[in-house]
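Down below is the structure, laid out as structure tokens.
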Amino acid sequence: MSTLVIFERGRAMSWEAVAAGQQLGGPVSAAVIGGEGGLAGKKLDRVFKIRHPLLDRYTADGYTAAFEQLIEKLRPSLVLMPHTYQVRDFAPKLATRLGRVLVSDVIRIARSGERTVFVRQMFQGKLNADYVVTDSPPWFASLQAGAWRADQVEAGTAPVEIFEPVIAEGAIRARPGEPFRESERAVDLTAADFIVSVGRGIKERENIALVEELARALGAELAASRPICDNGWLPMERQVGSSGQTVSPKVYLAVGISGAIQHLVGMKGSKTVVAINKDANAPIFEVADYGVVGDLFEVVPALIEEAKKVR
Amino acid sequence: MKILVAIKQVPSRDSQLSIGASGRWIDTTDLTSEINEPDAYALEEALQIRDRLGGEVVALCAGPASASQTIREALAKGADRAVHIEEEDLARFDLPGVARLLAAACRAEQPDLILTGLQSDDFGYGQTGVILAELLGIPHATIIMQVEKTGSGIRVKRELEDGWFQWIELPLPALLTIQSGINKLRYATLMGIKRAKTKEVRKLTAAELGVGGPRALELERLYAPHRGKQTVMIEGAPREQAAKLIGILKHEVRAL
């Protein structure tokens, strides 16, 4: 089995995809748009630096055309990518263009003989599913953040080749602007030692005050999952998750957060995770060191009282 | 502007899920359903664009007869009409198969703009919109937080990771996948619910759309995930749970 890793520069997740490829055995090559990004020093068959003026800024049309041509040339049996927002934007198009299907957000790849099983999460992480691709190769999979370990990439030396795809100016239909940040963040959650984070289980805007009081009583910074910020109940800058901040405090106390994967990727590096949720099957308990199954409207007031006693 | 919004019905968020007899899907007995949440935001965005610029919003949904509940809700909120690809067993189709079904229905409608949620709460592939755009040969942008009309096309704000954004200009027709939280969802009014009853719901089948063929992706087994971490469950009445947890935070975790 030959594997091609599509490497997104500047993303730690890309190294996880390289590690995944190496662990499958068989020759692994990597393709990257722009500079080789350190790939030349890894145990890889070949590194392809893709160059074209129309690829300077990301577009789905440009990237699809470039990778389509490289895949046609190399004919790998498996194409691995990190499941980043950029990959989510072009990879389904790329696979469709080549008449294939992408298995997205994969957490494990199990191979035995000729059989390859892709494991992915379903129903917001409540269940797992085993998938097989019945199509002929190349197979495509994007890999969930944190499912493989970047520090397990094997070092070595890899020859670097330049690949120049043919892309016509008219083929790129989108006109992308410069990436920007909305405002400088006033709240730096990444510096907090103790975070109390609130999710959907809080039900109403008025109830946020309860969790705010808990954070105060514990000397913690207040954070939230995406739906809370979407509703405008707390500012976006307090959001933890793939579209918000990635935090790794000493303690992360999740209150009424079910633990959708988009949230988990932003906090699972926390040293100790405590979860309070009414649903014992909520995915948040998968990453929790301590769990409280119960009604947060009963547990949180009791916690505030107890916290005041000890602090 | 003619806007088509692809919506999907999924099990309600709070559902307790159990594996069905086939081992390949959940047991749907007594399960309540609702619109896929990101699709609700896509629908709202479509309605707001129409309310600003005029035109028509067509809701497109592939699913069993029971999905008519979600379609009725979309009509009650203000969609002008709907297309229901009625398919009792949508699991016959894999991910590209469902996209082909939707593409066939879109071709008949020729919308200027197609909106859908960025991913579904059940499968969570996050791909259907992008595949649909490729099948239709139109440009797309994903994870969109704002949509503006320009002279000849649209200008959209795409969410990148870690608090970054980017504006992208696209010609029409185009497809956008909408991020949750882009707008404030409306409720259906009594008048809307009444009106929905008279609105057109066109029913189509996979056979009529000429979509079938073998699957490329097989879901072999569905199961509860293996617990990776040993979670210490704190038992007792809320007061006891609270006292124990504070004790742990103070003496074991040493965070207080």
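Is there a residue being in contact with a Leu (Cβ under 8 Å, 6 or more places away or on another chain) and farther than 22 Å from A:V299 by Cβ anywhere in the range A:245-253? Looking for residues that are in contact with a Leu (Cβ under 8 Å, 6 or more places away or on another chain) and farther than 22 Å from A:V299 by Cβ, one finds at least one in the range A:245-253, hence yes.
With respect to B:L209, determine if the residue is facing another protein chain (nearest Cβ under 9 Å) and either acidic (D, E) or farther than 20 Å from A:A307 by Cβ (or both). Full working, then the answer.
Values: facing another protein chain (nearest Cβ under 9 Å): no; either acidic (D, E) or farther than 20 Å from A:A307 by Cβ (or both): yes.
No; evaluated as a whole, the condition is false for this residue.
I'm checking my understanding of the structure. Among residues of the range A:118-129 that are closer than 25 Å to B:A103 by Cβ and within 7 Å of chain B (Cβ to nearest Cβ), which one is farthest from the chain's Cα centre (by Cα)? Applying the filter and picking the extreme gives A:A129. For the residues A:E204, A:E212, the requirement of being away from chain B (no Cβ under 11 Å), free of Cβ contacts under 8 Å to residues at least 12 places away in the same chain, under 21 Å from B:A40 (Cβ atoms) and not hydrophobic (A, V, I, L, M, F, W, C) singles out A:E204. Within the range B:142-162, the set of residues being at positive phi and in a strand (DSSP E or B) comprises B:I143 only. Taking only pairs six or more apart or across chains, which ones have beta-carbon atoms under 7 Å, a first residue in the range B:245-256 that is within 7 Å of another protein chain (Cβ to nearest Cβ), and a second residue that is surrounded by fewer than 19 Cβ atoms within 10 Å (Cβ to Cβ) and part of a helix (DSSP H, G or I)? That search, which allows pairs on different chains as well, returns B:I246/A:V310; B:K250/A:V310; B:L256/A:V310; B:L256/B:K250.
Looking at (1) at the interface with chain B (Cβ under 9 Å from one of its Cβ atoms); (2) without any contact (Cβ under 8 Å) to a residue 60 or more places away in the chain; (3) assigned to a helix (DSSP H, G or I), which is the one condition that is false for A:L303? In the conditions (1) at the interface with chain B (Cβ under 9 Å from one of its Cβ atoms); (2) without any contact (Cβ under 8 Å) to a residue 60 or more places away in the chain; (3) assigned to a helix (DSSP H, G or I), A:L303 misses (2) alone. For the range A:215-242, residues that are touching a residue at least 40 places away in the same chain (Cβ under 8 Å), crowded, with 20+ Cβ neighbours inside 10 Å, of a type in the set (G, A, S) and not in a helix (DSSP H, G or I) total 1. Which numbered condition trips up B:L4, out of (1) assigned to a strand (DSSP E or B); (2) within 14 Å of chain A (Cβ to nearest Cβ)? Looking at each condition in turn, B:L4 falls short on (2). Here B:G151 meets the list (1) farther than 26 Å from B:R107 by Cβ; (2) of a type outside the set (V, I, T); (3) touching a strand residue (DSSP E or B) at 6+ places or on another chain (Cβ under 6 Å) almost entirely, failing just condition (3). Sort out which residues of the range A:259-300 are surrounded by fewer than 18 Cβ atoms within 10 Å (Cβ to Cβ) and either in contact (Cβ under 8 Å) with a residue 12 or more places away in the chain or more than 7 Å from chain B (Cβ to nearest Cβ) (or both), and write them in order of number. Correct list: A:G269, A:K271, A:K278, A:D279, A:A280, A:N281, A:D295, A:F297. Filtered by the rule that a residue be in a strand (DSSP E or B) and either at pLDDT below 95 or closer than 18 Å to A:K126 by Cβ (or both), the range A:247-275 gives A:A254, A:V273, A:A275.
Comparison of A:L80, A:L143 shows that the only residue that is crowded, with 17+ Cβ neighbours inside 10 Å, touching a Gly at 6+ places or on another chain (Cβ under 8 Å) and more than 8 Å from every other protein chain (Cβ to nearest Cβ) is A:L80. Just one of the listed residues (A:G232, A:G199, A:G241, A:G170) is within 22 Å of the chain's Cα centre (by Cα), more than 28 Å from B:A243 (Cβ to Cβ) and small (G, A, S), namely A:G241. Residue count for the range B:122-132 satisfying the condition of being among the small types (G, A, S) and either touching a Phe, Trp or Tyr at 6+ places or on another chain (Cβ under 8 Å) or facing chain A (nearest Cβ under 7 Å) (or both): 2. Among the residues of the range B:163-218, the ones that are part of a helix (DSSP H, G or I) and touching a residue at least 40 places away in the same chain (Cβ under 8 Å) come to 6 in all. Just one residue in the set A:R115, A:R181, A:R111, A:R149 is surrounded by fewer than 22 Cβ atoms within 10 Å (Cβ to Cβ) and facing chain B (nearest Cβ under 8 Å); that residue is A:R181. Screening A:E169 with (1) among the acidic types (D, E); (2) within 7 Å of chain B (Cβ to nearest Cβ); (3) more than 13 Å from A:V103 (Cα to Cα) gives one miss only, at (2). Taking each residue of the range B:25-54 that is within 23 Å of B:Q119 (Cβ to Cβ) and modelled with pLDDT of 95 or more and looking for partners that are part of a helix (DSSP H, G or I) and among the small types (G, A, S) with beta-carbon atoms closer than 7 Å, six or more apart or interchain, yields B:S33/B:S66; B:L43/B:A74. Against the criterion of being in contact with a Ser or Thr (Cβ under 9 Å, 6 or more places away or on another chain) and within 9 Å of another protein chain (Cβ to nearest Cβ), B:L160 qualifies.
The values are calculated or read from the model by the stated rules, or taken from the named source; none is laboratory data. All figures in this text were calculated on a predicted structure; none of them were measured in a lab. Glycine gets a Cβ as well: all are built from the backbone with ideal geometry, and neighbour counts include every protein chain shown.
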